[in-house]
Structure formats: structure tokens, C-alpha cells
Amino acid sequence: MEQGPVIINEERLSQEFIKVAEIASPSFREGALKDYLFERLTGLGLEVEEDETGSKIGGDCGNILARLPGEEKLQSLFFCAHMDTVEPAMGVKVVFQDGIFRSEGSTILGGDDKAGIAAILGMLELLRANPVPHPPLEIIFTVGEEQGLLGSKNFDFSKIKAKFGYVLDSSGPPGTIITAAPAQNKLDITVRGRAAHAGIDPERGINAIQVAGQALAKLRLGRIDAETTANIGLIDGGKATNIVPDHVYIQGEARSIDRRKLDALTEEILATFTRVAEGVGAKSDVKAELLYPEFRLDTELSVLNYAASAARNAGLPVRFETSGGGSDANIFNAAGIPAANLSIGMEQVHTAEEYLSFKDLAADVRWLWEILRAAAAGGAKTL
Ligand SMILES: [Zn+2]
């Protein structure tokens, strides 16, 4: 197929990013952004609906699902980005200087994940201005991603036709494709000792802080191996210096791309607390909860082939990488819909120093556009 050069409207794209970045949307309060996107997608000719996730998770809106018809003989594909951001998110003012978007002052920029949203809108604009054959598209904008992938976890996957797709939610240069990400277990541990007056009868007490300390000292934490990590991130206990503390509450996490390694490490951490506590007459309540499952995509899958050939066509260096973090892609893959997470150029996310270059945002738009073309060409070949 002969394809003339497609021109991205740079002014419109930069204004689009600034617009969505300046609509505050911390987790559970994505409503204003949802309203804007609902209207925007409708204006671009998509059929848009909002699901019931908001009421299920205590937020002010649900996930957005929008559809754009395409060539029926091609497999549907989806693009996904999340609407919510971390805090501080109120009053974001974007400064666009020398081709870089930053926040003015102390808020985040929210490029995580509004770079993904703006890239998807930019791709839809480009498609409208340059109509080409493409697969039927589903656009999913989720809520509550930063709170444990709540939006995608509550998404009704029976509503979508997509056979594969892309989550736009990774830092790093456009062209990088995340092909695997870990499962995560949340760890909750309570060590129970015995309270006593610290000066009058400390002999009666069992110091839960000291017991917890002994157990913590025995743990393997940090990077365990190339695909496995563990962390203790919160500890809380004790009431006053003159009381032998009777309980300590500890929260941590373990992650691995290999589920057997995750299970073994989790068991090791929990068993350490149990053993140390029992050794001194204390008790421990230990609990592990799977927050999300891992994924690992076979490199032969067309979801990766399309993204790689599209990146090449967009002039981007192709890299396949493994991530240490979870994203909505974990949930799509768990639902049986192969999903790669794409690096879209957002940097230093979750900080006030967060930034995004316009060059990367424009590259994202071009990349998505080329994915449509690669999917149209690839799908046609198999017929
Ligand atoms: Zn994100």
C-alpha cells in the first residue's frame, strides 16, 4: 500500500497533552477527566460508554470503553491508558519550554499516564485526518490504576472484542516494549508479644518490636535475583516508652516474574516471622495476598511483532524489556488477552520533577499509527 507522509498536528497535540494534564484526576476522583474524554472521544466519532467500576471501588466515575469500527476481517485490538494519577495532583499547571513539558511548582506533571491518553487521542486525530484501513479499535481508559490496578481488575472483559492490545504506561523511550512483568504479593504481618510495665515488671513482657526486629534481620530483601524482589515498607507498633510493646504491624511486598519463586520467597518471609516469634513465646499473624499476576509474552506473538515492526517504521529503536512493576497489562494478560506495555517517554514519574518531551509524545502517536498499519497488513496476510 502506498502511503504518503502523514503529518502530526504538533500544536494540537501539545495543547491536547496540556489540557488533559491540567484536569486534576487523582485516584477515585477521575470524574472531570472522564467527562472531558467522554466528549472528546464522542467528537472523534467513537461510541463511548462508562462502566460501573466507580461505585464498586468508591470513586466518582468508572472506566471508559470506546469503540471505533474498522475492517471487520481484521482482529480487533485495544489501546489502554489510565486516567488517575498519584498525588500531589491538584492545580497542575503545565510549563512547556524547549520542547519539554514539566509541572510548575510542587505537583506531579501526570504524564503517567496522560502521555498515554494524549498519544491515543493524537493517534485518533491522525487517523481521522488520514483515513487508512485499520482493525476495529477499542480504547479503554481505566480508573484507580495507581491504587492496585482497581479499574482493570473490575473491568468486564466480556464487553470487548479485542484479541490483543497495548497498554501505554511505561517510562523509557518510545520503541521499548515491555514483554514481561512480575506478579506481586502484598504481605501483612502482625507480631504479638505481651504488654508489661517497662520499669516495674518488664520480666512479664514480650517485646513485640524486638521480636519483629529479630525476624526482619533474617530476611532477604531488595533484589533477590533478576526477576524477583522483596521489600518491607511499613512498620508500626508500640504505645509509649514505659510499656513493653505487645504488637507490631508490618507491611511489605514480594514480586517475581516466576510464580514459583514468588511463592517460595513469600513462604520464606512469613515462615521467618512465625519461627522467630514462636521461639520466644510471641505469636505472629501472617498473611499474603496476590495483588496481581505476572505476565510473560511469547516473542512470536503478533502483539509483539506488530509493535516492533511499527516502531521500526516510525524510526524508533526497538527494545524488548522486562519490567519490575505491574500495570493494567498484567490484568489484560490474566484475562487471556495478550497485552504489551509500551514505553511512552514519561520520566521521573510520581515526583514533582516528572517531565515529558514533545518529541517522545509525537513519536508515541506515530508508533500507535504504525501499529494500526502493521496490524492491518499482518492480519490481511493471514487471510
Ligand atoms: Zn502509570
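Please treat every number below as a calculation from the coordinates, not as lab data. Since the structure is predicted, the reported quantities are computational estimates derived from the model, not experimental observations. Positions of Cβ are generated from backbone atoms using ideal geometry, with glycine treated the same way; all protein chains shown enter the neighbour counts.
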* **Fraction of alpha-carbon pairs over 25 Å apart in the chain - percent** => 59 percent
* Structure fact -> Listed by chain and number, the residues whose amide H is under 5 Å from that of L291, excluding neighbours fewer than 5 places away on the same chain and using placed H, are Q184, N185, K186
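Rounded to the nearest 0.05, what FRET efficiency is calculated for E71 and I200 with R0 set to 56 Å and r the Cβ-Cβ distance?
0.10
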* To do: Counting helices only, and only those DSSP H runs with n ≥ 4, report the 222 nm mean residue ellipticity of the chain as the sum of -39,500 (n - 2.57) divided by its residues, in deg cm²/dmol to the nearest 500.
  => -10500 deg cm²/dmol
* Asked: For the chain, what is the charge dipole size about the Cα centre, in debye to the nearest 20, if Lys and Arg each add +1 at the Cβ and Asp and Glu each add -1 at the Cβ?
  -> 760 debye
* Cβ-derived FRET efficiency at R0 56 Å, L219 paired with L44, nearest 0.05 -> 0.65
* To do: Would you work out which of V280, I108, T176 lies farthest towards the positive end of the dipole of the chain, given +1 charges on the beta-carbon of Lys and Arg and -1 on that of Asp and Glu, about the Cα centre?
  => V280
* Excluding residues on the same chain fewer than 8 positions from K163, give the lysines whose Cα lies under 20 Å from its Cα. => K73, K153, K381
* Angle in degrees between helix 31-43 and the longest Cα principal axis of the chain, rounded to the nearest 10 -> 20 degrees
* Near the amide H of I206, under 5 Å away, which other amide H atoms are found, from residues 5 or more places off or on another chain, if H is placed in the peptide plane? -> R194, A195
* Structure fact -> Filtering trypsin sites (Lys or Arg not before Pro) in the stretch 192-282 by DSSP loop and by at most 13 other Cβ atoms within 10 Å leaves R220, K239
* Karplus 3J(HN,Hα) series, Hz, for the stretch 288-298 with 6.51 cos²θ - 1.76 cosθ + 1.60 (x for Gly, Pro) -> 10, 10, 6, 6, 7, x, 6, 9, 8, 8, 5
* Do you know the relative contact order of the stretch 183-292, to the nearest whole percent, from alpha carbon pairs under 8 angstrom that are 6+ apart? -> 43 percent
* Structure fact -> In degrees rounded to 10, the 0-90 angle between helix 259-279 Cα long axis and the longest Cα principal axis of the chain is 20 degrees
* Structure fact -> Taking Cα pairs closer than 8 Å and at least 6 residues apart, the relative contact order of the chain in percent is 22 percent
* Between F320 and residues 5 or more places away or on another chain, which pairs have amide H atoms under 5 Å apart, with H built 1.01 Å from N, and which residues are they? -> I177
* Asked: Semi-axes, largest first, in whole Å: what does sqrt of 5 times each Cα gyration tensor eigenvalue give for the stretch 183-292?
  -> 30, 12, 10
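Quick one: divide the alpha-carbon radius of gyration of the stretch 285-339 by 2.2 N^0.38 Å and tell me what you get.
That ratio works out to 1.46.
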* Count the DSSP beta bridges whose two residues both fall in the chain, then state the antiparallel fraction as a percent rounded to the nearest 5. => 75 percent
* Note the angle between two axes, namely the Cα long axis of helix 10-22 and the longest principal axis of the Cα atoms of the chain, as a number of degrees from 0 to 90, rounded to the nearest 10. => 30 degrees
* Using a 10 angstrom cutoff on alpha carbons, build the Gaussian network for the chain and name the most mobile of L168, L265, L301. => L301
